[in-house]
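The values are calculated or read from the model by the stated rules, or taken from the named source; none is laboratory data. Note that the coordinates shown come from a computational prediction; the quantities given were computed from them, not determined experimentally. Cβ coordinates were reconstructed from backbone atoms using ideal geometry, including for glycine residues, and neighbour counts include every protein chain displayed.
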Amino acid sequence: MASRTDIANLTLVHLGAPTIASLDEDSKNARLLKRIFDVLLEQVLRDHPWNCALRRATLAQLAEAPAFGYSYAYEKPVDCLGVLGLVGDSGGNVDPNLEYKVEGELILTDESAAQLKYVARVTESGLWDASLTVALAARLAAEGAYAITGNAELKKAMMMEYERAKSAARGVDGQEDTPEVHQNNPWLEARL
């Protein structure tokens, strides 16, 4: 797996800039990439439900109910960057019929028991898959393009590269799930 320095160097290769030995070295490129790395990592993690960052949790109900609107409050997991939804009895999948609202660090719902599927803050680069690594390098390149190269047009090209990387990841991540089984629909069969 790629280290943070490897990802920074992939970013610099995208930009045609000299690579670095470490994010801690005293060079302009290392200082810039170190400064923006964690902020952009969180944004990239929130931009797509990367399989390597998905987590599930059974939430503990808080003693104090919300003032109005919902019956129960739960605290989000500390590593939660984005809520994908509450899980119902449908084989562990997010149930779109279970209503909830995220307010600050709380999840409000009318469900007396809550299981959550979410995107976690995964900061250990060894746990990231290749798709996330490539996307993060492209996003870092987009943000650092002008500061590193002085080329404003390169930022647009790198943002397009980032979007392509996310699109490719959707395909890869989608192949790692159980295929959907489509039942015959009597209404459609009657039309045949």
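Tabulated data
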quantity	calculated
Of residues in segment 97-120 being among the charged types (D, E, K, R) and farther than 13 Å from ALA57 by Cβ, the one surrounded by the most Cβ atoms within 10 Å (Cβ to Cβ)	GLU111
Total residues in segment 143-172, condition of a type in the set (Phe, Trp, Tyr) and surrounded by 15 or more Cβ atoms within 10 Å (Cβ to Cβ)	1
Some residue of segment 128-144 being modelled with pLDDT of 95 or more, over 26 Å from ARG164 (Cα atoms) and not in a strand (DSSP E or B)	no
All positions within segment 19-36 that are surrounded by fewer than 17 Cβ atoms within 10 Å (Cβ to Cβ) and within 11 Å of THR149 (Cβ to Cβ)	none
Scope segment 77-96; condition buried (at least 18 other Cβ atoms within 10 Å of the Cβ) and either among the charged types (D, E, K, R) or farther than 22 Å from GLU42 by Cβ (or both); matching residues	LEU86, VAL87
Some residue of segment 29-43 being in contact with a Leu (Cβ under 9 Å, 6 or more places away or on another chain), closer than 19 Å to LYS117 by Cβ and in a helix (DSSP H, G or I)	yes
Residue check, SER71 modelled with pLDDT of 95 or more, of a type in the set (Gly, Ala, Ser), surrounded by fewer than 18 Cβ atoms within 10 Å (Cβ to Cβ) and not assigned by TED's automatic domain parsing to the domain that holds LEU41	yes
Close pairs (7 angstrom Cβ cut-off, 6 or more residues apart or separate chains): closer than 16 Å to HIS14 by Cα in segment 27-51, among the β-branched types (Val, Ile, Thr) and in a helix (DSSP H, G or I) anywhere	ASN29/ILE148; LEU32/ILE148; LEU33/THR11
